[in-house]
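Okay, so here's the structure we're looking at.
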Amino acid sequence: MEFFANLHMAFSIAAQPENLFFCFLGVLIGTLVGVLPGLGPVATISLLLPSTFHITPVAALIMLGGIFYGAMYGGSTTSILVNIPGEAASVVTCLDGYQMARKGRAGPALGISAFGSFIAGTMAVILIMLIAPPLANLALKFGPPEYFTLMFLGLTVLTYLASGSMVKALMMACVGIFLGTIGTDTISGLERFTYHSYTLMDGLGLVPVIMGLFGISEVLFNIDEQATKREVFQTRISNLLPTREDWRVSLFPMIRGSLIGFFLGILPGGGAVIASFGAYALEKRISKHPEKFGTGAIEGVAAPESANNAASQGAFIPLLTLGIPANVVMAILLGAILMHGIKPGPLLMKQHADVFWGVIGSMYIGNVMLLILNLPLIGIWVRILKIPYPILFPLILLFCLIGSYSLNNNVVEVAIMILFGIVGFLMKKFEYEGAPMILAFVLSPLMENALRQSLIMSHGSFTIFVTRPIALFFFAGAIFLLVSPLIPGLKKRPQRGEIG
Amino acid sequence: MKKYDQLSSLVWLAFAFYIGIESLRLPLGSWRDPGPGFLPLGAGIGLAILSLTVFSQARFRTEERTRQGWYSQERWKSLLVILGVLFGYALFLDFLGFLVSTFLLLVMLFRLVEPQRWVVAIGGSALASIASYIIFEVWLKTQLPKGIFGI
């Protein structure tokens, strides 16, 4: 019965006019940035973060969350029509989606990805309702050693699944941990690496670092690679509704994709990108016609599009129940929750039930809005895609500048952002990934506290991480992932760049 | 990529040394009660070991993936222009105020990288700066700098 009581609470909060409005705004902005290459959900959410101070925490989270899963919808549109993924989780959709468009089936491809996302979103919301409460109860038993090993596992998973070299990804995690220690140490009160700068005393700001690494660097990279010219596939998009045959072929891939996506989304370090690749690889492996993949197979669109949507919603579970962000976007949302004076974690569900259930209810409503929004508005999205990059990039830069400035009205933070833009650009050039750095940066203060408290508890003995069963479980998992590439005979680790 | 990996790993190694040296100036504490220098030192040591790994992996790698050079004078001109304009914006924002500096920023970005027609550059910049002013200052109540012109 508790399930239905929760369901009722979720919808009654999410359906309040203010929350409905911000949910709509979120998914609309999300779809827009998903469509626009070069401006992803990460930069957008950090940009809008300061403006959410004026609204309630529930409305803020509903809007920012909406941007995230809305971008997953929007991203597929560009993958299918232009062969350019609007954001990383739609990369794999290009393979079959664009081929379908070339064969004059852009309509059904767009249609199935919208329906797939909707079905996945629905399944994810139900699964969240079933899993989150018991998980939060379990998490109440967690002490500092469990939290430390869980975060350690999360970072390891992210580096393990990095698209390039795992060693490089681990390096970036180390850099992120260091960046997270800049500022005043919360335990001793000593300043670390601040050089008496007032701005740095509170630590490096998340928003300028992220907007630099993901916003500014992306613009610099696009201009440098001259990836500024793109052609929109000239086709009349008619008949968005998939045929009965399309449905027959896509239904199970959608369900499988949703399940894979959801569970990969929960895993700290997992996330939508890996989920979409995983779902595609699975469908290709179990298909009776694997040779059709890459030539316009509709399953190749349905599965990854369902997976990335389910993953983006599943990722809310570790954030809301454990207070640990599973990916970069969740890390920014963690920052947003903290700025509103709410501490995410196992007690969130009890102390701020409205926040927890309101956000979950809004995801379902958001999915309905996206379905209604996406299908009739595709024509507008295509027109937006035609905006030339030389017009677009100054506006993206302007958004980043305003975003980094308006957080604290501090020009130094603008300079920090530009600096991280340069660092991010060079990292892209030399093939270092930004995601492990950001996740480590956000987790660093939490990890440090958990580590120091654990060692104080154990009087300096590291065995505390292997003598408590839950901590041992997380720790063993992390160590396994770290050493597995070194063990000969073990299957090569999966990489995002490889499919099937 | 071999050369790039060697070069970049050495840069990270130098950064690791910086982290290590600066961390040692902070109290390290003990295993029983780790101090503020403990975690940064650990991160620095980790980064150093990993950088050396990347360096040696690249050193003994035989295959050489050919790829576009990371530096080319012509392409880098646009990048330097953009970075210069951005830093200039940060420098003059408080002095000139949001509207004026944003307008100038956009005109330069529209004109200097891939030159748009003047009508587009000036009209677009005016429109975008006023629109962003209305969205952020009036609607979202963000406190944007007023500058010497009071706008």
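Pairs of Cα atoms nearer than 8 Å and 6+ residues apart set the relative contact order; for chain A it is 28 percent.
The amide H of A:Arg192, built 1.01 Å from its N in the peptide plane, has A:Gly183, A:Thr184, A:Asp185 as neighbours under 5 Å, considering only residues 5 or more places off or on other chains.
The string of couplings for segment A:364-378 from the Karplus curve (6.51, -1.76, 1.60, θ = phi - 60°) is 5, 4, x, 5, 5, 4, 5, 5, 5, 6, 6, 5, x, 8, 4 Hz, one whole number per residue in order, with x for Gly and Pro.
Using amide H atoms built in the peptide plane, which far-off residues or other-chain residues are under 5 Å from B:Gly29 H to H? Sorted by chain and number, the residues that satisfy this are B:Gly35. Each residue of segment A:148-159 was assigned a 3J(HN,Hα) from its phi angle through the Karplus curve 6.51 cos²θ - 1.76 cosθ + 1.60 (θ = phi - 60°); the sequence is 4, 5, 5, 5, 4, 4, x, 5, 5, 4, 4, 6 Hz, with glycine and proline shown as x.
For segment A:106-149, the normalised intensity computed at q = 0.13, 0.15, 0.19 Å⁻¹ comes to -0.51, -0.58, -0.68 (log10 of I(q)/I(0), Debye sum over alpha carbons, equal scatterers, no solvent). Of the trypsin sites (Lys or Arg not before Pro) found in segment A:236-295, those in coil by DSSP whose Cβ has at most 15 other Cβ atoms within 10 Å are A:Arg236, A:Lys288.
Please report, to one decimal in angstroms, the Kirkwood hydrodynamic radius of segment A:144-216 built from all distinct Cα-Cα pairs.
Evaluated on segment A:144-216, it is 14.1 Å.
Within the shell defined by Cβ-Cβ distances under 12 Å, the residues around B:Ala121 carry a net charge of +1, with Lys and Arg each +1 and Asp and Glu each -1.
Mind giving me the FRET efficiency for B:Leu10 and A:Thr186? R0 is 25 Å, r the Cβ-Cβ distance, nearest 0.05 is fine. Write out the running numbers ahead of the final one.
Working: r = 34 Å, r/R0 = 1.36.
The calculated FRET efficiency here is 0.15.
Put simply, the amide H of A:Glu431, placed in the peptide plane, has no neighbours under 5 Å, leaving out anything fewer than 5 places away on its chain. Across chain B, Cα pairs under 8 Å and at least six residues apart give a relative contact order of 21 percent. Once divided by 2.2 N^0.38 Å, the Cα radius of gyration of segment A:384-448 becomes 1.38. When the Cα atoms of chain A are aligned to their principal axes, the ranges along those axes come out at 67, 56, 50 Å in descending order.
Per residue of A:178-188, other chain Cβ atoms within 10 Å of the residue Cβ number 5 on average.
Summed over both chains, the contact between A and B buries some 5700 Å² of accessible surface at a probe radius of 1.4 Å. Please check segment A:397-419 for residues whose accessible area, probe 1.4 Å, is lower by 50 Å² or more when all protein chains are in place than in their chain alone. The answer is A:Leu398, A:Leu401, A:Ile402, A:Tyr405, A:Val411, A:Ile418 - residues whose exposure falls by at least 50 Å² when every protein chain is included. Label chain B by shape, choosing from rounded, prolate and oblate, from the square roots a ≥ b ≥ c of the eigenvalues of the Cα gyration tensor; if a/c is under 1.5 it is rounded, and otherwise prolate applies when a/b is larger than b/c, oblate when it is not. Judged from the Cα gyration tensor, chain B comes out oblate (a/c at least 1.5, b/c at or above a/b).
Highest mean first, what order results for A:363-373, A:39-49 on Cβ atoms within 10 Å?
On the way: A:363-373: 21.3, A:39-49: 26.5.
Averaged packing, sorted descending, gives the order A:39-49, A:363-373.
Per residue, how much accessible surface does chain A expose to a 1.4 Å probe? Answer in Å², no decimals. Mind dumping the intermediate values first?
Details: 17770 Å² over 500 residues.
Value returned for chain A: 36 Å² of accessible area per residue.
Restricting to Cα pairs below 8 Å that are 6+ residues apart, what does the relative contact order work out to for segment B:90-151? Please round to a whole percent. Before the final figure, lay out the partial values.
Values: 54 pairs, mean separation 33.2, N = 62.
For segment B:90-151, the relative contact order is 53 percent.
Here segment A:72-130 is treated as a sphere whose radius is the Kirkwood value from Cα pairs; by Stokes-Einstein at 37 °C and 0.692 mPa s it diffuses with a coefficient of 283 µm²/s. Selection among A:Ile487, A:Leu322, A:Leu48 by position relative to the dipole of the protein assembly as shown gives A:Ile487 as farthest towards the positive end (Cβ unit charges, Cα centre). Across peptide B:136-147, the mean count of Cβ atoms from other chains lying within 10 Å of each residue's own Cβ comes to 4. Residues in segment A:63-75 carry Karplus couplings, in order, of 5, 5, x, x, 4, 5, 6, x, 5, 5, 5, x, x Hz; the curve used is 6.51 cos²θ - 1.76 cosθ + 1.60 with θ = phi - 60°, and Gly or Pro positions show x. For the pairs A:Lys168/A:Lys284; A:Lys386/A:Lys428; B:Lys2/B:Lys77; A:Lys429/B:Lys3, note any where the Cα-Cα span goes beyond 18 Å. Listed pairs above 18 Å: A:Lys168/A:Lys284; A:Lys386/A:Lys428; B:Lys2/B:Lys77.
The values are calculated or read from the model by the stated rules, or taken from the named source; none is laboratory data. On a predicted model such as this, the values are computed, not experimentally measured, just so you know. As a convention, Cβ positions derive from the backbone with ideal geometry for all residues, glycine included, and neighbour counts pool all protein chains shown. Side chains included, ligands, DNA and RNA excluded: accessible areas come from the protein's heavy atoms. Shrake-Rupley method; radii C 1.70, N 1.55, O 1.52, S 1.80 Å.
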